[in-house]
Amino acid sequence: ATGTAWIFSNCASANGGSGYIIAAVVTSETTNVTPRLVLFPFTATPTSELDDKAANTAPIHADLANKLPRIDFSAMEDLGGDSSAVATPSTYGNVPIPFVCAAADKNLYAVLVTRDIFTQGAGDDMTVDLWIQQN
């Protein structure tokens, strides 16, 4: 199968626009999982490995011109619902991150990587939300 990058639509108000990723949240529908995850954001679709359950290759040299600083998430927690982790300016995670979208684009793209082995429930969703401040 051919995987796809995460697409975060309309991060900029206009093509080639800019802003800041000011926070990020990752949520797993699977409860009681505690992996540490990393989000590699890009200003263009990355060419690294995008298939699920395949060894990560992001970021690769071919994508360096479009790579933004990574977002590190602390271990996910389940506090009575879905498992989740957050990255904010006052927590671990490397945000805020400035960005400038590609000249003909308003979107950001990403690869989500796990640092720890865990089992995502069959049919359960993994969701990543970005909080964006547009310039």
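Of the residues S18, G80, T91, the one whose Cα sits farthest toward the positive end of the charge dipole of the stretch 1-112, with +1 on the Cβ of Lys and Arg and -1 on the Cβ of Asp and Glu, is S18. This structure gives Rg and Dmax of the Cα atoms in Å, computed directly, and of (1) 14.7, 43; (2) 13.4, 39; (3) 15.5, 41 that value is listed as (1).
From the alpha carbon centroid of the stretch 56-90 to that of the stretch 102-135 is 8 Å.
Charge tally for R115 (other residues, Cβ to Cβ under 12 Å; Lys, Arg +1; Asp, Glu -1): 0.
Among A54, A110, A75, which one moves the most in a GNM of the chain with springs linking Cα atoms closer than 10 Å? So, out of A54, A110, A75, the one fluctuating most is A54. Restriction of the GluC sites (Glu not before Pro) in the stretch 19-112 to DSSP coil positions whose beta-carbon has at most 15 other beta-carbons within 10 angstrom yields E29, E49. Remark: the chain carries a charge dipole of roughly 500 debye about the Cα centre, counting +1 on each Lys and Arg Cβ and -1 on each Asp and Glu Cβ. Over the stretch 67-135, the Kirkwood radius and the radius of gyration, each from Cα atoms, give a ratio Rg/Rh of 0.99.
3J(HN,Hα) couplings calculated from phi for the stretch 93-110 with the Karplus curve 6.51 cos²θ - 1.76 cosθ + 1.60 (θ = phi - 60°) are, in sequence order, x, 6, 9, x, 10, x, 8, 10, 5, 4, 3, 10, 9, 10, 9, 10, 10, 7 Hz; Gly and Pro show x. Mean separation of Cα pairs under 8 Å and 6 or more residues apart, divided by the residue count, gives the stretch 39-135 a relative contact order of 32 percent. Which percent of the accessible heavy-atom area of the chain goes to carbon and sulfur, probe 1.4 angstrom? On the chain, the fraction of accessible area on carbon and sulfur atoms equals 51 percent. Evaluate the Debye formula for the stretch 1-66 with equal point scatterers sitting on the alpha carbons, no solvent, and hand back log10 of I(q)/I(0) at q = 0.19, 0.21, 0.27 Å⁻¹, in q order, two decimals. Treating every Cα as an identical point scatterer, log10 I(q)/I(0) equals -0.98, -1.13, -1.36. Computed with a 1.4 Å probe over protein heavy atoms only, the accessible surface of the chain comes to 54 Å² per residue.
The values are calculated or read from the model by the stated rules, or taken from the named source; none is laboratory data. Not measured: the values here are computed from a predicted model. All Cβ positions, glycine included, derive from the backbone under ideal geometry; neighbour counts span all protein chains shown. Surface areas here come from the heavy atoms of the whole protein model, side chains and all, with no ligands, DNA or RNA. Shrake-Rupley method; radii C 1.70, N 1.55, O 1.52, S 1.80 Å.
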